[in-house]
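Accompanying notes for the structure given below.
Every number in this text was worked out from the coordinates using simple rules, so none of it is lab data. Note that this is a predicted model, so its numbers are computed, not measured.
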Amino acid sequence: MVNPNVQGKKYPETSPYLVGREKVREFANAVFSTNPVNLDLFAAQAAGYSDLVAPPTFAVVIQERSLPAVLQDPEADIDFSRVVHGDQRFVSVRPIVAGDELTSVLEVASVKSLGAHSMVTFNTEVFDAEKKLVCTAISTLVVRGE
């Protein structure tokens, strides 16, 4: 059972992640994006962007860098071998583009018990190098009980 006392706990900011042009292309191909601004530099620039635009779900790459802190936190008591991904959402302020240097801060938004199971929701805020909010990734994990 996940410790409900971690609700509201914030974890330290991650180290900066420099978004690479080829990583954007690889991610776009992995999610079957055919949007030219994700794949073609000239198309992205013609659309007014400085570089390739990452698909909106690319923020999960940054969010994933925050998760080890909470998953390894003994106070949280999350057994990752019992975790099922329940939900994922993104609230974007602006698109992520190649060349962005991003960090993230994860907060445990809620911990709910459902019988022997727990549902844990995380809000991960993603910031650019100027510490401006780029997006918030919201994910819910279901931790199965014994």
Out of residues 5 or more away from H117 or on other chains, whose amide H comes under 5 Å of its own, with H placed 1.01 Å from N in the peptide plane?
-> G145
Karplus-derived HN-Hα couplings along the range 33-42 (A = 6.51, B = -1.76, C = 1.60, θ = phi - 60°), whole Hz, x at Gly and Pro | 6, 10, 5, x, 5, 7, 10, 10, 4, 5
Using a Gaussian network for the chain with springs between C-alpha atoms less than 10 Å apart, which of these wobbles most: V84, V108, V60?
-> V84
Among G115, G86, G99, the residue with the largest mean-square fluctuation in a Gaussian network model of the chain built from Cα contacts under 10 Å is G115
Amide H contacts under 5 Å for D100, placed H, 5+ residues apart = V19
Reachable lysines, given that their alpha-carbon falls under 17 Å from the alpha-carbon of K10 and they are not under 8 places away in the same chain = K131
